[in-house]
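Report on one structure; see the data block that follows.
No lab work stands behind these numbers, since they all come straight from the coordinates. Keep in mind that what you see is a predicted model, and the values were worked out from it rather than measured. Cβ placement follows ideal geometry from the backbone for every residue including glycine, while neighbour counts extend to all protein chains displayed.
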Amino acid sequence: MADRMSLKERLKPRRAAALSLGLGWTSAPAGLAALAQELPAERRPSASAWMASAGGSAADAGGVLHAALPGTGTAAGASTEAAPHGLPGATHPGSGPSHGSGSGFGKPQIEHANPLARTLLAKLDYDQLTNCMRCGFCLPACPTFRETGIEPESPRGRIALMKAVADGLMDPDESFRAQMNHCLGCRACEPACPADVKYGQLIEQARDALEDHSDHNVPVKGVRAALFRGVFPKRGSLRALGGALALYQKSGLRRVARGAGIMKLFPAPIREMEEILPDASSRGVIERIGTYLPAQGESLGRVALFRGCIMDVLFAGTNVNTAELLAQAGYDVVIPREQACCGALHAHSGELDQARGLARRNLEAFRDGGIEWIVSNAGGCGAQLVEYGHLLQDDPDYAELAQAFAARVVDVSRLLVASGRLPLEGALQAAGEAAAAAWSNSACGGGCSSALGTDPAAAGETRPPVRVTYQDSCHLRNGMKGSSEPRQLIRQTGGVEFVEMRESDRCCGSAGIYNVLQPEMAGQLLEHKMEHAGATGASYLLTSNPGCLLQMKLGVHKHGDPATMKVMHVVDFLHERVAAGKS
């Protein structure tokens with residue numbers, strides 16, 4: 001403790017001098033790394049001690065962490081306030097050192113006394129870690145940083161934490177674990193990064209190391225084992241889960257559970273999600289339409305549908321609609337029976353070995369040489385599938401196959417746009433709007449005015465266009481670079497007025513199971529999202545990922561009016577419009 005207090009006392013004059021010169025917070029503890037190295041490894045400060053050692057604001061604490069990276073000092077009078085390139089305060093990517101120590105030279109040779117630090121150093125892609133230039137372009141893109149304004153809540157701050165632990169400058173403790181787990185994993189920082197740092201891979205590697213040294217209590221261990229090993233990877237377990245949920249929803253058990261107060265025993269995020277879950281089913285897409293759907297008209301090629309795990313339990317109808325739209329667009333659709341969960345939730349939760357095992361199963365399931373494209377209709381699944389090449393890059397038996405697989409993964413919206421054969425523009429406007437009006441009429445009990453502003457029973461009236469807005473799936477946008485195609489399809493649809501939502505590219509707070517594990521931050525993000533969605537005046541809020549869809553439904557349920565705004569998967573909306581246009 002004496003050494004730690006000495007460290008804090010020795011930092012005070014340097015910090016005061018830096019602040020008196022008007023330096024940015026990143027340079028205030030300029031000699032921190034060197035001072036830390038003077039301490040014996042077994043008495044090195046923990047992450048929480050590093051954050052506390054600044055002794056000032058949250059931004060100062062971030063500066064202490066940031067200073068653990070070499071070369072973080074700024075010239076006197078320089079501003080380090082994060083801002084988009086070209087705006088005041090922005091730092092040009094080429095204006096400072098582009099790499100920290102060790103970049104391009106492999107990992108440092110350090111014998112860590114801390115077992116977690118050893119594991120972290122072993123699992124991190126160190127060259128990716130040191131590619132961070134600390135320019136700050138990621139800060140405006142990061143939802144948690146924008147909410148808190150705290151450096152450790154940013155990609156740059158978390159990378160600084162990882163590197164400080166890997167380099168032996170900091171001992172990981174609960175503060176380190178909390179910061180790694182507080183990241184949404186939305187990867188909005190990646191398109192903003194001029195150095196192309198693969199932050200999503202780094203955060204998953206860090207969580208994988210943390211999970212190797214986790215001390216979960218027995219209930220948490222049981223839940224993790226049940227979900228990650230017993231349910232998601234096993235099709236039979238998924239069908240059983242779907243059947244059990246369907247029984248609960250339709251037999252009256254739900255009403256009994258709510259009336260008896262049983263649901264009050266569960267955490268609030270679970271209770272809220274239970275209220276808005278769609279009807280579950282044990283019958284997935286294969287049980288409904290089989291494993292093959294031929295193209296309508298001349299075939300444009302043979303594609304395989306990835307059906308997912310949760311998608312096939314809660315959104316099996318969306319899988320069916322996806323296959324039918326692809327067939328209408330001219331594609332022969334196959335649905336491999338042996339496919340497994342994509343592994344996204346495993347990878348995000350520190351279970352990379354299990355994610356690799358699921359990847360190998362899917363590579364075997366999709367070996368059919370006649371498949372031109374592997375089609376995903378869930379942004380989270382698709383973004384995981386395109387990572388298979390990276391995930392299995394060190395596997396001599398699967399590395400080449402994984403690279404070829406990842407190159408063929410595509411979101412359904414991209415193929416529908418490329419085809420140009422869906423009858424969207426020619427869809428009968430009156431028929432499409434009649435379908436929307438029918439939903440609105442049923443939503444308010446019948447006999448009421450449509451949410452679109454006209455009476456659905458009034459025959460022959462001219463209806464205004466259906467107003468539609470769209471919320472990006474973070475992983476579709478940032479992981480698969482698919483933001484324009486869903487919008488293009490919506491705009492092409494007859495009788496639709498597309499209204500862009502403010503900050504539609506910002507995470508809604510779902511992030512896999514983040515909204516259950518981190519409800520406070522997820523709730524803040526969702527509240528912002530609902531403000532922006534409501535401002536559009538849209539009758540339909542569309543998205544391209546099941547987690548986002550459930551989060552949006554929860555948002556409308558809590559902050560909006562389900563009778564005037566319907567949340568749908570973009571595939572279901574397009575399928576409904578095309579079907580209505582044919583009637």
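Look at H348, H475, H557, H216 and count the other Cβ atoms within 10 Å of each Cβ; fewest to most, that gives H216, H557, H348, H475.
Once the mean 1/r over all distinct Cα pairs of the range 288-417 is inverted, what Kirkwood radius in angstroms do you read off?
Values: mean 1/r = 0.0680 Å⁻¹.
In the range 288-417 this quantity evaluates to 14.7 Å.
Using DSSP, restrict attention to beta bridges with both residues in the range 288-417 and report what percent are antiparallel, rounded to the nearest 5.
15 percent
For D171, the residues 5 or more places off, or on other chains, whose built amide H falls under 5 Å of its own are S46, A47.
Look at where the Cα atoms of the range 474-522 and of the range 113-158 average out, and the two centres are 24 Å apart. Working from label points 7 Å from Cα in the Cα-to-Cβ sense, the V218 to K234 distance is 2.2 nm.
What is the calculated FRET efficiency for E364 to E287, with r their C-beta to C-beta distance and R₀ = 22 Å, to the nearest 0.05?
Values: r = 22 Å, r/R0 = 0.99.
My answer for the efficiency is 0.50.
What FRET efficiency comes out for A418 versus R337 if R0 is 41 angstrom and r is the Cβ-Cβ distance? Round to the nearest 0.05.
On the way: r = 27 Å, r/R0 = 0.65.
For A418 and R337, the calculated efficiency is 0.95.
Put the Cα centre of the range 217-236 next to the Cα centre of the range 308-380 and the gap is 20 Å.
Are any of the pairs K234/K558; K250/K553; K481/K553 more than 29 Å apart by Cα-Cα distance, and if so, which? Show your work: numbers first, answer last.
Numbers: K234/K558 34 Å; K250/K553 20 Å; K481/K553 25 Å.
From the list (K234/K558; K250/K553; K481/K553), the Cα-Cα distance tops 29 Å for K234/K558.
For the range 323-331, putting each phi into the Karplus relation 6.51 cos²θ - 1.76 cosθ + 1.60 with θ = phi - 60° gives couplings of 4, 5, 5, 4, 5, 5, 7, x, 10 Hz, in residue order, rounded to whole numbers and with x for Gly and Pro. Note on K107: lysines with a C-alpha under 30 Å away, same-chain residues under 8 apart excluded, are K8, K123, K163, K198.
In whole Å and largest first, what semi-axes does the C-alpha gyration tensor of the range 110-211 yield when each eigenvalue is scaled by 5 and square-rooted? Could you put the intermediate results ahead of the total?
On the way: eigenvalues 94, 41, 25 Å².
Each semi-axis is √(5λ); the values are 22, 14, 11 Å.
Annotation: amide H-H contacts under 5 Å for E497 (H modelled 1.01 Å from N, sequence separation of 5 or more, or interchain): V466, R467, V468.
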